[in-house]
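Trainee: Structure below; questions to follow.
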Amino acid sequence: MRKMIRQTLVAALASLGAASLVQAQTGLEMGQSPEQVQARLETRCADLVRIDFEPTRHPSALSQETHLRCEGFDTGEGSRADQLLASFADGRLFMLEARGAMSGLEPETDPAGHLGGYAVYLPDLIITHAESGRWYQLAQMDQIPLAIGWDNPAWNGDQPAAGSTGFALPDWVRFGGPVDTLGSEAETACPLQALRDIPEAWLDTQPQRQQQLDCYGIVVAGYPRKLELVFGDGVLEQVWFMFGEADIPRARDWLIATYGPALHVDEQYEIFDDWRIALRKDVPEIRAASDRLAAIWASEAE
């Protein structure tokens, strides 16, 4: 699913350009400032409140997090919602969320894919959940877990709860563990999960069969995340732990405090713990590996 959505998004952007991501239904565009959005919403909301969280540890925000909560959103042109929340990271709009009765917000095209009860529309990166009556537009793919598992405290005017700042994998994620056991544990730990076969195995352990368990919405370091657990011949060999771009320096600080200075640094990766752990920087992720897989990578680096 991850690969399919990314490929579709890249193709759509290449053919349509960045302008296709403008939120036609609301007149708002990802990347706008709080002041720009506020100026537009003031005439379209029965009530509008600004909420600032500073400092923040939000995955998309290095220092400042701002929200504009709109009651009774109505464009006057057919798009409306009981409630609309515009969220900003470091002064740039990165998420819109609508709740309650709404109209004119769902795309007319078929979704590019589904995640459980969530429909994903591209290229606008709109996510809808019919059962809960929620609608989202995101700025980036790595924010999908926020739509699935985050109850934004700004809805109630609350400050974010103090959460763990560590980026350790959950205890139930055990390398060498069997896919059946970890799959059962994921059903309890992950708000949304899916196990699938990978047609062409790419693990360096060269398994006959490769599977991947995608875990969406699990809370690590205070926010919902996505874990990708990769199994070779039925046992866990590798994990991708996905987060936001603003988390890269936080994750680096935690990794250094936990494992000491990086063993190897290049443009893409910073390596820790005898090659078991790597911070990926081109795509914000932590890669964790079994002892067997780490030994292969360490030998290749010699």
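Laboratory data are not the source of any read-out in this text; all were calculated from the coordinates shown. Quick caveat, the model's predicted, so the values are computed rather than measured. Cβ coordinates were reconstructed from backbone atoms using ideal geometry, including for glycine residues, and neighbour counts include every protein chain displayed.
Trainee: When only C-alpha pairs under 8 Å and at least 6 residues apart count, what is the relative contact order of the chain, in percent? Intermediate results must be reported in sequence, preceding the final value.
Mentor: On the way: 602 pairs, mean separation 35.9, N = 302.
Reported as a whole number, the value is 12 percent.
Trainee: Another one. Using 0.36 nm times the number of residues separating Val219 and Ala295, minus their current alpha carbon distance, what extension gain do you get?
Mentor: Working it through step by step, the gained length comes to 24.4 nm.
Trainee: Further, regarding this structure: Which of the peptides 235-243, 54-62 is most tightly packed, and how do the rest follow, going by the mean number of other Cβ atoms within 10 Å of each residue?
Mentor: 235-243, 54-62
Trainee: Rank Ala86, Ala257, Ala278 by mean-square fluctuation in a GNM of the chain with C-alpha springs under 10 angstrom and give only the top-ranked residue.
Mentor: Ala257
Trainee: Ok, one more. Just need the Rg to Rh number for region 2-155, please, alpha carbons only, Kirkwood Rh.
Mentor: A ratio of 0.94.
Trainee: Give, rounded to the nearest 20 debye, the magnitude of the charge dipole that the chain has about its Cα centre when Lys and Arg contribute +1 at Cβ and Asp and Glu contribute -1 at Cβ.
Mentor: 160
Trainee: Hey, another quick one. Please work out the Cα center distance from region 221-285 to region 170-185, rounded to the nearest Å.
Mentor: Using only Cα atoms, the two centres lie 18 Å from each other.
Trainee: In the Gaussian network model of the chain, springs joining C-alpha atoms below 10 Å, which of Ala81, Ala112, Ala186 carries the largest mean-square fluctuation?
Mentor: Checking each option, the largest mean-square fluctuation is seen for Ala112.
Trainee: If the only charges are +1 at each Lys and Arg Cβ and -1 at each Asp and Glu Cβ, what is the size of the charge dipole of region 179-301 around the Cα centre, to the nearest 20 debye?
Mentor: 260
Trainee: Something else about it: Explain nothing, just the number: relative contact order of region 85-219, from Cα pairs under 8 Å at least 6 residues apart, as a whole percent.
Mentor: Answer for region 85-219 is 16 percent.
Trainee: If you take the alpha carbon radius of gyration of region 145-230 and divide it by 2.2 N^0.38 Å, what ratio comes out, to two decimals?
Mentor: Expressed relative to 2.2 N^0.38 Å, the Cα Rg reads 1.29.
Trainee: Using alpha carbons only, how many degrees (0 to 90, rounded to 10) separate the axis of helix 291-301 from the longest principal axis of the chain?
Mentor: That works out to roughly 80 degrees.
Trainee: What is the Å³ per residue value for the convex hull set by the Cα atoms of region 168-277?
Mentor: About 118 Å³ per residue, rounded to a whole number.
Trainee: If I fit a long axis through the Cα atoms of helix 179-189 and take the longest principal axis of the Cα atoms of the chain, what angle between them do I get, 0 to 90°, rounded to 10?
Mentor: Between the helix axis and the principal axis of the chain, the angle is about 30 degrees.
Trainee: Relative contact order for region 179-301: what percent, with Cα pairs under 8 Å and sequence separation of 6 or more?
Mentor: 18
Trainee: Would you calculate the convex hull of the Cα atoms in the chain and tell me its volume per residue in Å³?
Mentor: Roughly 139 Å³ of hull volume per residue.
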